[in-house]
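Okay, so here's the structure we're looking at.
The values are calculated or read from the model by the stated rules, or taken from the named source; none is laboratory data. Since the model is a prediction, treat every value here as computed from it, not as a measurement. Quick reminder, even Gly has a Cβ in these numbers, built from the backbone with ideal geometry, and neighbours come from all protein chains shown.
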Amino acid sequence: MSAPGFTHEALVYRDATAFAANAAGYLREGLAAGEFVFAVLPPPGTELLRAALGEQAGDVRFLDMADLGRNPARLIPAIRGQVSEAGDRPVRGIGESAWVGRSAAEHAEVVLHEALINLAFEEASQLRLCCALDGTGVPGDVLAAARHTHPVIVEDTRTMSDRFDHDYAHDHFAGELPAPDSVSDVVHFCLDDLPELRDLVGVRARHFGLTRERALDLTLATNEMVTNSICHGGERGTLRLWTDGETFVCEISDSGHIPDPLVGRIAPIPSVQGGRGVWLANQLCDLVRIRSTASTGTVVRLHVNR
């Protein structure tokens, strides 16, 4: 279970009225207690909550989930930022990262993110987090997973989840990613192949329709992941490229193992070497998916939307 004092709950709502009433009530409790209060929501949720809070909305820090949370791996650093800004004050936040309309890949990473929250903040004794879920709109598997990733479920009543699993993040991180329908390029690489790989990714990304800037972002992120494979994954690996609707995907796999599922979600410390590659990829890409085990190695998928 989470450390005493840290609270992580899921709010499952059925309509906009229920969301606004429950979310506003949750934040008002924090404001009345003198807590630092923030909300990370898609624009429609922000509008509903601002209206429900009225004048009190000015006392809440609002962040745009559609921008900040497009890649769920950016959310834990953002929450850490709010905690740091609050200083000695207790912190209370509400977010909605599993909004209706996300892709299946994005929803899967939201589930991992929610599980990782329990690891990232288990010692944050003055932090309360509530994750809103549209009970009629998000996929059923996402709703089911919420009972594994949240110790407390608020639906018709507030209950303790009998399925909560503190180690769920480790199990999810060690799982397999779904196979793509088709792959356009497969390249087995070593150190000498780096220039050619960068050229290949850039050319394919531009041909797909990414802007020059986004193609460069993807090329840089790929270069970082390939370099990690060479340095930590047995000095070689495999690059695969494909498209999925409006998304260009680069996959880098190797025989290395990443034991920490929070990789890339803690800002690099300037005085400490290493740890910057995955962090940088998370800032550059619309979605980053990582799965790793000691027996099967590591797979990293970089997604950039057209």
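Determine which member of the set VAL226, VAL187 is surrounded by fewer than 20 Cβ atoms within 10 Å (Cβ to Cβ) and over 21 Å from LEU112 (Cα atoms).
On the way: VAL226 fails: surrounded by fewer than 20 Cβ atoms within 10 Å (Cβ to Cβ).
Answer to the selection: VAL187.
From the residues in region 17-48 that are more than 16 Å from VAL83 (Cα to Cα) and of a type in the set (D, E, K, R), which one is surrounded by the most Cβ atoms within 10 Å (Cβ to Cβ)?
If we take residues in region 17-48 being more than 16 Å from VAL83 (Cα to Cα) and of a type in the set (D, E, K, R), then ARG28 is surrounded by the most Cβ atoms within 10 Å (Cβ to Cβ).
Can you name the number of the only condition in (1) closer than 26 Å to ALA104 by Cα; (2) surrounded by fewer than 19 Cβ atoms within 10 Å (Cβ to Cβ) that ALA221 fails?
If we test ALA221 against (1) closer than 26 Å to ALA104 by Cα; (2) surrounded by fewer than 19 Cβ atoms within 10 Å (Cβ to Cβ), just (2) comes out false.
Which of the following residues is in contact with a His (Cβ under 7 Å, 6 or more places away or on another chain), under 30 Å from SER84 (Cβ atoms), among the aliphatic types (A, V, I, L, M) and not assigned by TED's automatic domain parsing to the domain that holds VAL111: LEU280, LEU287?
LEU287
Is there a residue in region 79-87 that is in contact with a Lys or Arg (Cβ under 6 Å, 6 or more places away or on another chain) and either in the same structural domain as ILE117 (by TED's automatic domain parsing) or without any contact (Cβ under 8 Å) to a residue 12 or more places away in the chain (or both)?
No.
Take the residues in region 156-170 that are modelled with pLDDT of 95 or more and surrounded by 13 or more Cβ atoms within 10 Å (Cβ to Cβ); name whichever of them is farthest from VAL300 (Cα to Cα).
Going through the qualifying residues, I end up with SER161.
Could you tell me which numbered condition CYS231 fails, if it satisfies all but one of (1) surrounded by 15 or more Cβ atoms within 10 Å (Cβ to Cβ); (2) out of contact with any Asp or Glu (no Cβ under 6 Å at 6 or more places or on another chain); (3) assigned to a helix (DSSP H, G or I)?
Condition not satisfied by CYS231: (1).
Before we move on, is ASP134 more than 18 Å from VAL263 (Cα to Cα), out of contact with any Gly (no Cβ under 8 Å at 6 or more places or on another chain), surrounded by fewer than 18 Cβ atoms within 10 Å (Cβ to Cβ) and of a type outside the set (Val, Ile, Thr)? Step through it out loud before you land on a result.
Details: more than 18 Å from VAL263 (Cα to Cα): yes; out of contact with any Gly (no Cβ under 8 Å at 6 or more places or on another chain): yes; surrounded by fewer than 18 Cβ atoms within 10 Å (Cβ to Cβ): no; of a type outside the set (Val, Ile, Thr): yes.
For ASP134, the condition - more than 18 Å from VAL263 (Cα to Cα), out of contact with any Gly (no Cβ under 8 Å at 6 or more places or on another chain), surrounded by fewer than 18 Cβ atoms within 10 Å (Cβ to Cβ) and of a type outside the set (Val, Ile, Thr) - is not met.
Out of LEU216, LEU262, LEU200, LEU241, I need the residue that is crowded, with 20+ Cβ neighbours inside 10 Å and at pLDDT 95 or above. Which one?
Residue meeting the stated conditions: LEU241.
Picking from GLY245, GLY237, which residue would you name as being closer than 28 Å to ALA145 by Cα and assigned by TED's automatic domain parsing to the domain that holds ARG289?
Details: GLY237 fails: closer than 28 Å to ALA145 by Cα.
GLY245 is the lone residue from the list that is closer than 28 Å to ALA145 by Cα and assigned by TED's automatic domain parsing to the domain that holds ARG289.
Buried (at least 17 other Cβ atoms within 10 Å of the Cβ), touching a strand residue (DSSP E or B) at 6+ places or on another chain (Cβ under 9 Å), touching a residue at least 60 places away in the same chain (Cβ under 8 Å) and closer than 19 Å to THR298 by Cα: which single residue out of ALA205, ALA281 fits that description?
Exactly one of ALA205, ALA281 is buried (at least 17 other Cβ atoms within 10 Å of the Cβ), touching a strand residue (DSSP E or B) at 6+ places or on another chain (Cβ under 9 Å), touching a residue at least 60 places away in the same chain (Cβ under 8 Å) and closer than 19 Å to THR298 by Cα, namely ALA281.
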